Amino acid sequence: MPRARKAVPSETIREYRPLFSSTSNEDNVATVYAFISKEVDMMPGDWRDPGNPSPYELRTTIHTCKRVWQLNKDALSHPDCDIEATQYNIKVLEKLYIQLMDYLVE
């Protein structure tokens, strides 16, 4: 049978103090850490054994190809975009993606 919780006296609540004191940003500058991004860019030229990628290399290359393709698609809506060059990049990435999918079939 569960026991009922005891009521917390109001004195305890008034005496509450945080576990750490907040400091200004100038004091915390030295404790900021830069995290390494999880995204790894890899293309077929980066494979250890050309023409025979490991599962990790293939997965990373496919992910990179998709991400760069999406960046190019998004760039088409930007006013400073070179549309011809971007459309060419998209075609090349689509061809590369098809070739990478062939590795999955084999």
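Please treat every number below as a calculation from the coordinates, not as lab data. What you see is a predicted model, and the numbers here were worked out from it, not measured in a lab. So basically every Cβ, Gly included, is an ideal-geometry build from the backbone, and we count neighbours across all protein chains shown.
What is the Rg over Rh value, at two decimals, for the stretch 44-105, using alpha-carbon atoms and the Kirkwood definition of Rh?
1.06
Would you be so kind as to identify which of Y88, H78, Q99 lies farthest towards the positive end of the dipole of the stretch 44-105, taking Lys and Arg as +1 and Asp and Glu as -1 on Cβ and the Cα centre as origin?
Toward the positive end, the furthest listed residue is Q99.
Between N52 and Y88, how high is the FRET efficiency from 1/(1 + (r/R0)^6) when r is the Cβ-Cβ distance and R₀ = 25 Å? Nearest 0.05.
That pair, N52 with Y88, gives E of 0.30.
Within a 10 angstrom radius of the beta carbon, how do C65, C81 rank from fewest other beta carbons to most?
Placing the least packed residue first, the sequence is C81, C65.
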